[in-house]
1. From 73, 88, grab the single residue that is touching an Asp or Glu at 6+ places or on another chain (Cβ under 9 Å), open to solvent by 40 Å² or more (accessible area, probe 1.4 Å) and at pLDDT below 90.
2. From the list 68, 83, 78, 44, which residue is surrounded by 14 or more Cβ atoms within 10 Å (Cβ to Cβ) and free of Cβ contacts under 8 Å to residues at least 12 places away in the same chain?
3. Among the residues of segment 19-39, count how many are open to solvent by 40 Å² or more (accessible area, probe 1.4 Å) and either assigned to a helix (DSSP H, G or I) or within 16 Å of residue 78 (Cα to Cα) (or both).
4. In the list 63, 59, 16, which residue meets the criterion of being on the phi < 0 side of the Ramachandran plot, aliphatic (A, V, I, L, M), surrounded by fewer than 19 Cβ atoms within 10 Å (Cβ to Cβ) and part of a helix (DSSP H, G or I)?
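The values are calculated or read from the model by the stated rules, or taken from the named source; none is laboratory data. In this text the structure is predicted, and so the values were computed from the model without any measurement. Reconstructed Cβ throughout: ideal geometry from the backbone, glycine too, with neighbour counts over all protein chains shown. Heavy atoms of the whole protein, side chains included, go into the accessibility calculation; ligands, DNA and RNA do not. Shrake-Rupley method; radii C 1.70, N 1.55, O 1.52, S 1.80 Å.
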Amino acid sequence: AVAAERLAGTPWRTNAEVPGPWLRGRGFHPGGAATADLDRALERGAITMRGYDRTLKLAWSLADLDGRGRPGADEVGRALLLRKGIPA
């Protein structure tokens, strides 16, 4: 329900439906310290850009479940661990 409310006015209702480029832009990318571990994993080749996007989607879902307005370093780190087993 939180994602549907945030995504009102878009063609999507769930975090899983949102395209990666949209999540990386338009003010929805957590950025900064929140994605530092995710950025490093991408640079190391531990994940692909597709994996990066999927991890962001999961981080948004975790933030929604935690009652946060946007994912922080904790949610991104947990998403990365859940997706690839890569500790933050």
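1. 88
2. Result: 68 is the single residue among 68, 83, 78, 44 that is surrounded by 14 or more Cβ atoms within 10 Å (Cβ to Cβ) and free of Cβ contacts under 8 Å to residues at least 12 places away in the same chain.
3. Summing the residues that are open to solvent by 40 Å² or more (accessible area, probe 1.4 Å) and either assigned to a helix (DSSP H, G or I) or within 16 Å of residue 78 (Cα to Cα) (or both) in segment 19-39 gives 5.
4. From the options 63, 59, 16, the qualifying one is 16.
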